[in-house]
1. Please report the net charge: other residues with Cβ closer than 9 Å to the Cβ of Leu62, K and R +1, D and E -1.
2. What Rg and what Dmax come out for the stretch 74-136 when only alpha-carbon atoms are used, in angstroms?
3. Can you list the residues, at least 5 places off or on another chain, whose amide H is less than 5 Å from the amide H of Val15, using H built in the peptide plane?
4. Give me the number: length gained by fully extending Gln58 to Asp115, i.e. 0.36 nm times residue separation minus the C-alpha to C-alpha distance, one decimal in nm.
5. Please list the non-local residues whose amide H lies under 5 Å from the amide H of Lys159, H modeled 1.01 Å from N, same-chain partners needing a gap of 5 or more.
6. Kindly write out, for the stretch 151-165 in residue order, the coupling ³J(HN,Hα) from the Karplus curve 6.51 cos²θ - 1.76 cosθ + 1.60 (θ = phi - 60°), rounded to whole Hz, with x marking Gly and Pro.
7. So how far apart, in nm, are the two label points at Glu162 and Ala137 if each is 7 Å from Cα heading toward Cβ?
8. May I ask for the Kirkwood hydrodynamic radius of the stretch 86-171, worked out over all distinct Cα pairs and given in angstroms to one decimal?
Amino acid sequence: MAAAGDAGTIGFKVVLLGEGRVGKTSLCLQYVENRFASDQKSTIQATYLDKRLNLGRQSVKLMIWDTAGQERFHALGPIYYRDANGALLVYDITDRDSFTKVRNWVKELKTIVGDDIVLCIAGNKSDLEKQRQVDDAEAKAYAEKVGAVHMLTSAKTGKGVEEVFLQLTKAMLKKNQDSKPKGQNRSFVQIVDTAEKEQSKGCCGGS
């Protein structure tokens, strides 16, 4: 469910999922802070960032949880993506296995969060097209099958980064609007666990 933010602002909880080193943290930093670090360290547990944007007359706050992709942190995933409104599933177009693992993340999300979660799939590192191992048509077909949007991104160049978050936000807004009873303005309340925030502050970012 969407969160009630500041007056006139709607909040959405978004999680980034994917294997380690596919560029999840780099995508976050490129989107939120407009920067890229080639020596980004791997995320430990999770880090939190937020971003405010306006779509028409609607003010939106994205509460973004960047989760660790390493297998040893997998069991912690549900702590961060329960109650999520949307998920950005990231794979590396030069790493076939990272795309295969996206299927596992989708199954897990739908099992724990449910079918109402909005999904976007990002094929990252599009600047390395010559090293591509994942066929774009195949990725798009899979995304369509699971009701997700597929887009190519490059955290390094910034190409497609703002667009993928924008598409995810638009889809969450539509889902939220469709869920409202006719003629009613439904109020939403979502509590972001402050303990989780505190735990994430000391974590290094990057994956």
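1. That works out to +3.
2. 13.0, 38
3. Those qualifying (amide H under 5 Å, at least 5 residues apart or on another chain) are Trp65, Gly86, Ala87, Leu88.
4. 18.0 nm
5. Amide H to amide H, under 5 Å and 5 or more residues apart or across chains, Lys159 pairs with Ser154.
6. Ordered by residue, 3J(HN,Hα) equals 9, 8, 9, 9, 5, 6, 8, x, 5, x, 5, 4, 5, 5, 5 Hz.
7. 3.2 nm
8. 12.9 Å
Laboratory data are not the source of any read-out in this text; all were calculated from the coordinates shown. Quick caveat, the model's predicted, so the values are computed rather than measured. Quick reminder, even Gly has a Cβ in these numbers, built from the backbone with ideal geometry, and neighbours come from all protein chains shown.
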